[in-house]
Amino acid sequence: MGFLFFSDCQHNLKSSQPYQRFKRTLARVRSNKEPENKGEVYAGNLETIPYTKRKHFVLFTKSTEIQAGEFRIQEVRRKFKDDILPPEHPESIRVHSIGTKILKAMQRELKLEEDYNRWEILILDQPAVKASSCIGGKITITTGMLDRHPTDTEIATFLAHEIAHVVARHAAEGIKLFGKKLPIYNKPSLILLPVLRRLEIEADYISLHLMAAAGYDPRIVPQVYAKRTKTGSGLCHYLSRTHPSRKKRARLLSRARVMKEAMAIYQKNNGTQRQS
């Protein structure tokens, strides 16, 4: 699981107008100059993340973020064109149904004016156990993940986690944190890893609430993370991890206060949402 930073599609955006506006914005911020259009840069960019209530500052608009996601998903389509399951495939239908359920719950709970057209989930026919999200609302999940975690609640756990990254605008926040030369998520420098792990923990917390709002029992989620396959051991593995350990994630999500919050949402919504 993980999210893909803006730098993954940056080379395709260099000629685009949104990218050029972003470069000018970043240069003005670094030089402490006033924006060309004050409402364009700063208004609305200090945001409060849902559920965690953490405030963060992002440097570019959601429309630019969505366009970046479109570039990225086209790259994915080209690279994996022979591996993408068609929309009519039973697994595609099931995964999209689960994702739509979570997105509708998110809109209802957070009172968002959500454009569902910007969201896209691709199922890749690959043995790797993996799910990832891209800036702007594009998500991929592999058949290996579906085989390893076959129930609807398990799939909802990972989809909600990726949706949480997008809702929290973690990739956009990365631009503020790391500047113009953004890390490619698969190969970040060691100094950034603690920051990335904190963002993963935040996405876990948000996703627990989104799942509960969609009618999925949040008490199952810690068990899902505990079930995750251990990917390595030793000091080098520990230092290079982009995600917290599965045990830590399960422990944090099992905390009484966190689970009490999620259960309250689940019990409120369980009457109108059918549990899978």
- Fewest Cβ neighbours within 10 Å first, please rank MET145, MET211 accordingly. MET145, MET211
- Message: Past 19 Å, Cα to Cα: identify those pairs from LYS55/LYS130; LYS111/LYS268; LYS53/LYS260, in the order given.
- Response: LYS55/LYS130
- Note on the structure: Amide H neighbours of ARG228 at under 5 Å, excluding residues fewer than 5 places away on the same chain, with H built from the backbone geometry, are none
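Bear in mind that the values in this text are calculations on the coordinates, not laboratory data. All of these numbers come straight from a predicted model, not from anything done at the bench. For neighbour counting, all protein chains shown are included, and Cβ atoms are generated from backbone atoms with ideal geometry for every residue, glycine included.
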